[in-house]
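The values are calculated or read from the model by the stated rules, or taken from the named source; none is laboratory data. Just so we're clear, the structure is a prediction, and the values are computed from it rather than from any experiment. Cβ: placed from backbone, ideal geometry, glycine included. Neighbour counts: every protein chain shown. Remember, those area values only see protein heavy atoms, side chains included, never the ligands or the DNA or RNA. Shrake-Rupley method; radii C 1.70, N 1.55, O 1.52, S 1.80 Å.
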Amino acid sequence: MTTLKTDLVLDAKGLACPMPIVKTKKAMNGLEAGQVLEVLATDKGSKADIKAWAQSSGHQYLGTIEEGDVLKHYLRKASSNEEAAERKHPHVTSNVELAAKLDANENIVVLDVREAAEYVFNHIPNAISIPLGELDDRVNELSKDAEIFVVCRTGNRSDFAAQKLTEKGFSTVFNVVPGMSEWTGKTTSLNS
């Protein structure tokens, strides 16, 4: 049984469409940006509904885990500035450049700073998962000499992480833009 760290669990079991969505909307309104909501549902149609609603509302649908007849849906609340925040880390690279380095088996470190739930459902093979909120406490897990490529969903959280690492004396850090939202290279997930 997989347990993922979530900020709120919404029990929508036994409810038929559209109630799971109605309750999900209400629960999301109460969350802070970046927090993860777990929705428990038994309505089989809820997977498609929740995924579509997340896409239309700008929130992030992370994935669904089925346990018996219960569907556990995971959603991350987007921040109002998630897409438009100005980036400050000077060293930026593209998804294409990162994919080329990975294909060439260059000795690089891919650091994924998304929440653990986001990482579990879809990540670059061998990427190290350290959510942005845990980076200060876990920075010693990384080598200061390594060439580090930081990814998140859109290049926003990875920008903060890259700035943080540079401040802590890491010399070769790149923010990968646009990140996992448009990554077309190899990925691995909980289900594969």
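All other residues whose Cβ lies under 12 angstrom from that of residue 149 are scored, Lys and Arg at +1 and Asp and Glu at -1, for a net of -3.
Across segment 158-172, coupling constants 3J(HN,Hα) worked out from phi with the 6.51/-1.76/1.60 Karplus curve, θ = phi - 60°, read 5, 4, 4, 5, 5, 4, 4, 5, 4, 4, 8, x, 7, 8, 10 Hz, and Gly and Pro carry x.
Comparing 69, 11, 159 in a Gaussian network model of the chain (Cα springs below 10 Å), the most mobile by mean-square fluctuation is 69. Given a 1.4 Å probe and every protein chain left where it sits, what share in percent of the accessible area of the chain is carbon and sulfur? Using a 1.4 Å probe with all protein chains present, the chain comes out at 49 percent carbon and sulfur. Rounded to the nearest 5, the antiparallel percentage of DSSP beta bridges internal to the chain is 45%. Each of 62, 107, 155 was scored by the projection of its Cα onto the charge dipole of the chain, and the greatest displacement toward the positive side belongs to 62; charges sit on the C-beta of Lys, Arg, Asp and Glu.
Rolling a 1.4 angstrom probe over the protein heavy atoms with all chains in place gives segment 37-192 an accessible area of 47 Å² per residue. Taking the Cα centre of segment 41-123 as reference, the dipole from Cβ charges on Lys and Arg (+1) and Asp and Glu (-1) amounts to some 180 debye.
Here the average projected area of the convex hull drawn through the C-alpha atoms of the chain stands at 11.1 nm². Normalised by the number of residues in the chain, the average gap of Cα pairs under 8 Å and 6 or more apart makes the relative contact order 19 percent. For the pairs 47/72; 13/72; 5/164; 51/186; 101/168; 26/77, note any where the Cα-Cα span goes beyond 19 Å. Listed pairs above 19 Å: 5/164; 51/186; 101/168.
Summarising the amide proton neighbourhood of residue 15: residues at separation of 5 or more, or on other chains, whose placed amide H is nearer than 5 Å comprise 42, 43. Candidates 52, 116, 30 compared by Cα position along the dipole of segment 27-132: farthest toward the positive end lies 30, with charges placed on Cβ. Helices in the chain, meaning DSSP H runs of at least 4 residues, each add -39500 (n - 2.57). Divided by all residues, the mean residue ellipticity at 222 nm is -7500 deg cm²/dmol.
A simple charge model with +1 on the Cβ of Lys and Arg, -1 on the Cβ of Asp and Glu and nothing else charged puts the dipole of the chain at about 440 debye relative to its Cα centre.
Residues whose amide H falls under 5 Å from that of residue 92, counting only those 5 or more places apart or on a different chain, are 175, with hydrogens built in the peptide plane. Placing +1 on the Cβ of each Lys and Arg and -1 on the Cβ of each Asp and Glu in the chain, which of 4, 126, 93 has its Cα farthest towards the positive end of the resulting dipole? Working it through, the farthest residue towards the positive pole turns out to be 4.
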